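Student: Shown below is the structure under consideration.
The values are calculated or read from the model by the stated rules, or taken from the named source; none is laboratory data. Owing to the predicted nature of the structure, the values given are computational and were not obtained by experimental measurement. Cβ atoms come from the backbone with ideal geometry, glycine included; neighbour counts cover every protein chain shown. When the accessible area is computed, the model is the full protein with side chains, heavy atoms only, and any ligands, DNA or RNA have been set aside. Shrake-Rupley method; radii C 1.70, N 1.55, O 1.52, S 1.80 Å.
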Amino acid sequence: MKEEKFKELISKSTIETSDDFVNKVMQGIQLQKEVKKQSLFWSFPVIIIVCSALILTILGMLFYTFNTEYAIFSSIPKTPIFLVIIGIGLYYINQLIRFQHYK
Amino acid sequence: MKNSQIQRDYNLIRKVIDGDTSAFRQLIFAYKDVSLSLAISILKDAVVAEDVLQEVFIKVYDKLHTFKFKASFATWLYRIVVNTSYNELKKRKNMVSIDNTSEVDSMVHRQKEYLKDADQKKYINMTLEKLKPDEALVLRLFYLCEYKIKEIEEITGFRSSKIKVNLHRGRDNFEFHLKQILGDDLNNLL
């Protein structure tokens, strides 16, 4: 077979995609964007930074208030509050690890 | 590839990076059919190839910001298509191993019956399906996309000697299978 004929034949070998191909791709892209948004919200560094900042702020506030002589704070039990704060922190870290695992 | 086409692609890519999703639609429209043809060359299955291609375009959208405006978008895209298709082929080969000698014989018989009403394009694609993935891919890149050996090297990662061998064998095998499928009707096609 001659080279030109060959070229002519193979140039006819383009195969068309299905009609809804482009829409399917665009839907896939949209879906990926949503997943990314979600994963950015729950991303590891963000969670760690936010949790650390939150815990430190609350701890600082508690230390400050416990050391002052406000009557309202002197009656608050310290240990349960510490435990609750640490519990919340650990819960969020656990959620984060689970999220990373399932992803 | 024409410079105007390359510039058009660059403009579209910049728009996509700036957040214009409709520009990406245009890029898909421009390249979807040839990309599918290349994927089919390797995978030999239109449904699987289209799934792979969807995955490719989503991946391309995601990585478009890493595109360097030095090479043509088509070359970059086709390289991803080829790599992803070969990866899928590997996965599938690991999953299923079939003895296809008798399968091919019966397919030829069925296709002969079917081909009575088929047009040239169908004959050609059926023949290409019978070639090895490397041969069909190189033939399409060379004759359909009109790439030079150097560009095919970039897209496939094959050495030029391998490309030349595949081109040579591909041409021979294409002619052989076309004769086998069409028999006496080959002269009508030519």
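Student: Got a sec? Which of B:Val47, B:Val34 is part of a helix (DSSP H, G or I), within 14 Å of another protein chain (Cβ to nearest Cβ) and open to solvent by 50 Å² or more (accessible area, probe 1.4 Å)?
Tutor: Details: B:Val34 fails: open to solvent by 50 Å² or more (accessible area, probe 1.4 Å).
Selected residue: B:Val47, the only one of B:Val47, B:Val34 that is part of a helix (DSSP H, G or I), within 14 Å of another protein chain (Cβ to nearest Cβ) and open to solvent by 50 Å² or more (accessible area, probe 1.4 Å).
Student: Considering only residues that are open to solvent by less than 10 Å² (accessible area, probe 1.4 Å) and either of a type in the set (Val, Ile, Thr) or within 14 Å of chain A (Cβ to nearest Cβ) (or both), which ones fall in the range B:50-73?
Tutor: B:Val52, B:Leu53, B:Val56, B:Phe57, B:Val60, B:Leu64, listed by residue number.
Student: Six or more apart or on different chains, Cβ atoms under 6 Å: show the pairs whose first residue is in the range B:66-77 and assigned to a helix (DSSP H, G or I) and whose second is open to solvent by less than 10 Å² (accessible area, probe 1.4 Å) and among the aromatic types (Phe, Trp, Tyr).
Tutor: B:Leu77/B:Tyr31
Student: Here's another thing I want to ask about it. If I go through the range B:1-31 residue by residue, how many of them are open to solvent by 50 Å² or more (accessible area, probe 1.4 Å) and assigned to a helix (DSSP H, G or I)?
Tutor: Residues meeting the conditions: 13.
Student: Considering (1) assigned to a helix (DSSP H, G or I); (2) more than 11 Å from chain A (Cβ to nearest Cβ), say which one B:Tyr147 fails and leave the rest.
Tutor: Of the numbered conditions (1) assigned to a helix (DSSP H, G or I); (2) more than 11 Å from chain A (Cβ to nearest Cβ), the odd one out for B:Tyr147 is (1).
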